[in-house]
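Since the structure comes first, as structure tokens, the remarks are kept for the end.
The values are calculated or read from the model by the stated rules, or taken from the named source; none is laboratory data. A quick note: this is a predicted structure, and the numbers were derived from the prediction, not measured. Cβ coordinates were reconstructed from backbone atoms using ideal geometry, including for glycine residues, and neighbour counts include every protein chain displayed.
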Amino acid sequence: MASSKSLGSARPRRVYVCSSCGHSYPKWTGNCSQCREWNTLEETVVAGGNASVQVVATRGKAVPLTEVERVTATAQTTGVAELDRALSGGLVPGSVTLLGGEPGIGKSTLTMQLAASWANQGRRVLLVSAEESAAQVGQRAERLNALHDDLWLSTDAAVEAVVEQLDELAPELLIVDSIQTVHIEGAGATPGTAGQVRACAHRLVAEAKTRNMATILVGHLVKDGSLAGPKVLEHVVDTVVELSGDRHHALRLLRVAKNRFGPTDALGVFEMSMEGLSSVKDPSRLFLADRATESPGSVVFPALEGHRPLLVELQALVVPSTTPHPRRSSQGIDARRLALLLAVLERWAGLPLGAVDVFVGAVGGVAVTEPGADLPLALAVASAATGRPLNPDTVACGEVGLGGEIRQVSRSEQRLAEAHRLGFRTAVIPLSAPEPPEGMRTIRVATVAEAVKAALQADRSSPEEVSPQ
Ligand code: TYD
Ligand code: MG
């Protein structure tokens, strides 16, 4: 037995809702105490009476968990290999997936390819494009070779109209591009506000569940808070995936932030080309394709994205500074982490870095956030500062502490196995790290000073020594 109880007051009232995380406040403040974003609170009028929050309470007796009817969610393949990999097999009927990403990163491209692949399997898809005209979508479909009789397009942005189309077409997959541009009656005038986004999503989630229809909601990640970020929906949907990458590079990573039907540590890797996004089977090889193996300042880091190892080249450039405040610039690497490593190198490895400009970056437009990248990054800086390269068959992995000590990182075996597969034969790793695969030599180091001493090759009489000691 279930009863529902209305929580709202009868009169409309004003609340302030964070467009980034959805937390609401009775008064406006400049900073959301929940997600710490600034200037994201928006005034929203919450209607009283019928539109108030409904709480459903179960009055029935509790049952032993063993007697609960269990439903197994069977994922259906999307036909896009890397999407299936990220989603642990595909899309579950009745599930709602939020696909987030910055504008221009490839969300519409990916969903169009997915839609075509579904339709190709004889399953009907309704694509609601509330952002682009039918002609624009048709053009993209033609370019992506996605024209198909079972792929239906609607450009009506009203959720009520979408529901009508669902009644008429009964699709197995609904794609809404994007959730910030559709609107629904009774939730304020402007699409994209937290209230509208949430109301639209709630309705579409309900439709997905009652119709047992897989649904994908596309959401723009926006930094300035002008649109409600997809974060407000994370708890409403079953699965959250994010497409990321650098718009100037071809590589795109599909990460899973939440998944009610599978693990969240899977990763999909794509390459953007004129033919759309294609699945990348061997991303490490792609990352290292243009590597200049002999130059100082380059170190390969066996990174781990979820449970997938990826070899990423980290680079550093060190030049004498011409300003009283030397520059520190980093791409794809946290600037504070770089500052810390420079301090550690100066203090514990005796590298004078106070009067040089330091530039570091992760190649391929990826962001490296793991602590395990400390050691390779420190070695890259040391190599660039001294002009001494590492042996090109070397990878390095380890966290660096403030005392200059090197600590172990997780899943070392898996990282080194990937490095070995791609021909790397030397690993600079912490003392406590497990044994590497057979055929791989180790340089075990306890401190950053030891690592610099052991890993850098002899000076090849290069004149680039910018920090004479
Ligand atoms: P799009 O999918 O529209 O991005 P989003 O929906 O996330 O805003 O695509 C973004 C970019 O991708 C666009 O600038 C053009 C480029 N692109 C290709 O390089 N190849 C293609 O086949 C397509 C369809 C797009
Ligand atoms: Mg788009």
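The strands (runs of 3 or more DSSP E) falling completely within region 169-271 that include 1 or more residues that are touching a residue at least 60 places away in the same chain (Cβ under 8 Å) and in contact with a Phe, Trp or Tyr (Cβ under 8 Å, 6 or more places away or on another chain) map to 173-177, 239-245, 251-259. Yes or no: LEU204 buried (at least 24 other Cβ atoms within 10 Å of the Cβ) and of a type outside the set (Asp, Glu)? Against the criterion (buried (at least 24 other Cβ atoms within 10 Å of the Cβ) and of a type outside the set (Asp, Glu)), LEU204 qualifies.
What do you reckon, is SER95 of a type in the set (Ser, Thr, Tyr) and either at pLDDT below 90 or away from ligand 2 (no atom under 16 Å from the Cβ) (or both)? For SER95, the condition - of a type in the set (Ser, Thr, Tyr) and either at pLDDT below 90 or away from ligand 2 (no atom under 16 Å from the Cβ) (or both) - is met.
For residues in region 267-292 being among the hydroxyl-bearing types (Ser, Thr, Tyr) and within 16 Å of ligand 1 (Cβ to nearest atom), which is surrounded by the fewest Cβ atoms within 10 Å (Cβ to Cβ)? In this case the residue turns out to be SER273. Screening SER178 on (1) within 29 Å of the chain's Cα centre (by Cα); (2) surrounded by fewer than 24 Cβ atoms within 10 Å (Cβ to Cβ) shows it passes everything except condition (2).
Looking at region 89-130 only, could you name the residues that are assigned to a loop (DSSP other than H, G, I, E, B) and touching a Pro at 6+ places or on another chain (Cβ under 6 Å)?
Selection gives ARG124 alone.
Looking at region 103-118 only, could you name the residues that are within 19 Å of GLY89 (Cβ to Cβ) and more than 10 Å from ligand 2 (Cβ to nearest atom)?
Kept after step one, since they are within 19 Å of GLY89 (Cβ to Cβ), are these residues of region 103-118: 110-111, 113-115, 117-118.
Within region 103-118, GLN113, LEU114, ALA115, SER117, TRP118 meet the criteria.
Does LEU110 meet the test of being within 13 Å of ligand 1 (Cβ to nearest atom) and under 19 Å from VAL269 (Cβ atoms)? Here the answer is yes, as LEU110 does meet what is asked.
Residue-wise test of (1) touching a His at 6+ places or on another chain (Cβ under 7 Å); (2) more than 30 Å from LYS258 (Cβ to Cβ); (3) surrounded by fewer than 18 Cβ atoms within 10 Å (Cβ to Cβ).
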position	(1), (2), (3)
GLU313	no, yes, no
HIS325	no, yes, yes
ASP334	no, no, yes
ARG337	no, no, no
ALA349	no, yes, no
PRO352	no, yes, yes
ASP357	no, yes, no
